[in-house]
Every structure is written in C-alpha cells, then in structure tokens.
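Report on the following structure.
What follows draws every value from the coordinates through simple rules; no lab data is involved. Please read these numbers as outputs of a predicted model, since none were measured by experiment. With ideal geometry, Cβ positions are generated from the backbone for all residues, glycine too; neighbour counts draw on all protein chains shown.
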Amino acid sequence: MQLLEDRRFYVYVYLDPRKPGKYVYGEYEFDYEPFYVGKGYGNRKNDHLVESGRNFKKGNQCKLNKIRKIQRVIKEDPIIIEYAKWLTEEESIYKYEIPMINNIGRIDKGMGPLTNLTDGGQGLSGWVPTDDTVKKMRDSSKIRWDNPKNREHARLKTLETFERLHIIDWTGKISREYWKDENNRKEQSIRMSIVYGKSENRKIQSEKAKNAWKNKEYRQQQIERLKKYRPSEETKKKISIATARDNNPRARIVVVNGIFFGSIISAADFENITGASMNYKIRNELFPDYRYATETEIREWREKNIENKEGRSI
C-alpha cells in the first residue's frame, strides 16, 4: 500500500484546440500547441477551469485569460492531457514538470508558449505558511464568503464548469457519463484505496467525523438532509443484493480465496469484516481473490449442493 501512497501524482498539459499541428520540443510531442504544464493529484487538472469560471483576480492571470479566450472564441474548454500518471511527487517534479517547462519554454521569458510563471517544482510542495499568513488567508476568505452573492456566484460557476467536464450535472449528482468510462472508475477506485488504504488515514477521517457530529447544528443539518433522500428503485435493489442472506434469491454468490459463499454478508461474517468492506474488496481490482462467481461456477456449485454459510471449496 505504501507504493500506492507514494504514486498518486500525475503531470498534465493544457493544449490550445485552436492551434492543431505537430509541436515537438525535444522528446515531447503534442498534436496541439501546449500552453500550461502542471502536476498534482485528484482533480487538480480541472482546478484552473474552475478558477477561470469564477473570474479569479489573483494567481496566474496569463493562464486564466488564455483559458477564458479559448472558451469565448470556440465555446469549448482547452484540451487537457495527463502526460504521465502514478508518479511520486519527486518524479512528477524533477522527471517531468521541470524538464517539460524548460524544453517547451515560458512565454514571459520569450522562450516558448507556456503561461507558467515558474520553472516548476514550487506549487504547494514544501511550502509552510506562517501563522500570520494563515490568519490573513482565513480572514480574507471569511469576508468573501460572508457575502451571499459571492457564495451563489461561486456555486453556479463551479457547477457550470463541472457539467462541461461531465463530472456532475446541475442537480449535483455524479454524472452517469463520467462513470460509464471504465478508466474513470478504475482511477477513482485506486485513489480511494490510496486515501483509505492506510490505517492512519482512516483514523484521521474517523476523528474528523466524530468531531463534526459533536456540533449540534451539524447533526441537525445532516438529519434534515437525510430526510430528503429517497433511494431509487435501482439503488434499493443494489442494497438488497449487497445485504441479502443466503436464503434470499437476490443474493449473489461470492468467491473468496477459492471458497464459495451464498451472499456478501456470509463471506463478510466468515472474514469478520463488515458487508461494506467485503463489497469494496469484491469491486476493487486490488483484491483479485475477492469476486463474484461466474454463471458456470454458480451452476456447478448448485449442482453439487454445497451451499452453506461457512462456505466450502468447490
């Protein structure tokens, strides 16, 4: 798991869709003119689109104005490619980001088309703000977000950007189109395993949740939110399958390390873990020994009449 923890970074490049062609910079080649190189993890590559939509007045205005102009002229977002993935932070900086910026060249130095304002490697890595800086940032943010108009403007602009990226739709639900892509599902699965795969990370999240629930106002907000939630019939069916016992016809046959179980719950009981944890392992490719049985295996298993809660090898 330490390997995954170290390799959550990727290097991304923003390309100008108005300028197709063959752009070669040493060992780097692009089908459109590049104008920004960055590194990060999670959804970092899309943050600049969100910033441009919110009309940020601070930061790299050269980059943001370039994005806005592309959106205004051709009614499309810039092309974003992930040039390299699953890197350590050091690899993303020294093996890709810095060499790429140096080879392609920065526009402010008259050396190339990149709107980067540094030669790479700075970002937030290694930067520890002073207490005074933290206080100024907190006070500035509080003043801005105390204004209801600013909050609503930011919310609408964020939703608008995310909808274009097929991440969420206007209702705030995860976009079906986004999750139809197998690569997106695989990527999110691995990223979740990075966050929650280590016990210290789970402990941190647990403490955060406990502290939040100590707040009476927060508890009431969550209760009201849950009252509004009504699962769809499809969701109810999935829950029924995931929590079904062996005698339930909806239950799916599970194979764990070659042992067959009549349901997810039976397998979870045998492993002494929760049903949710068992369901996560079955759906995660990091656990190849946890899976649903195939139709052929199910037929053979039933023919041999070996169904029982404790499970037996077929």
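Taking amide H atoms as placed 1.01 Å from N in the peptide plane, the amide H of residue 83 lies under 5 Å from those of 11, 12, 13, each 5 or more residues away in sequence or on another chain.
With neighbours defined as other Cβ atoms within 10 Å of a residue's Cβ, the residues 91, 82, 224 order from fewest to most as 224, 82, 91. Pairs exceeding a 24 Å alpha-carbon distance, out of 149/180; 45/236; 22/66; 22/186: 149/180; 45/236; 22/186. Amide H to amide H, with H built 1.01 Å from N, residue 253 comes under 5 Å of 293, counting only residues 5 or more places away or on other chains. Neighbours of residue 30 by Cβ distance under 11 Å: Lys/Arg scored +1, Asp/Glu scored -1, total -2. Residues in the stretch 255-271 carry Karplus couplings, in order, of 10, 10, 6, x, 9, 9, 10, x, 6, 4, 5, 4, 5, 5, 4, 5, 8 Hz; the curve used is 6.51 cos²θ - 1.76 cosθ + 1.60 with θ = phi - 60°, and Gly or Pro positions show x.
Among residues other than residue 115 with Cβ under 10 Å from its Cβ, the summed charge is +2 (Lys and Arg +1, Asp and Glu -1).
Say R0 is 45 Å: what FRET efficiency, to the nearest 0.05, do residue 146 and residue 272 get from their beta-carbon distance?
Working: r = 49 Å, r/R0 = 1.09.
So, using R0 = 45 Å, E works out to roughly 0.35.
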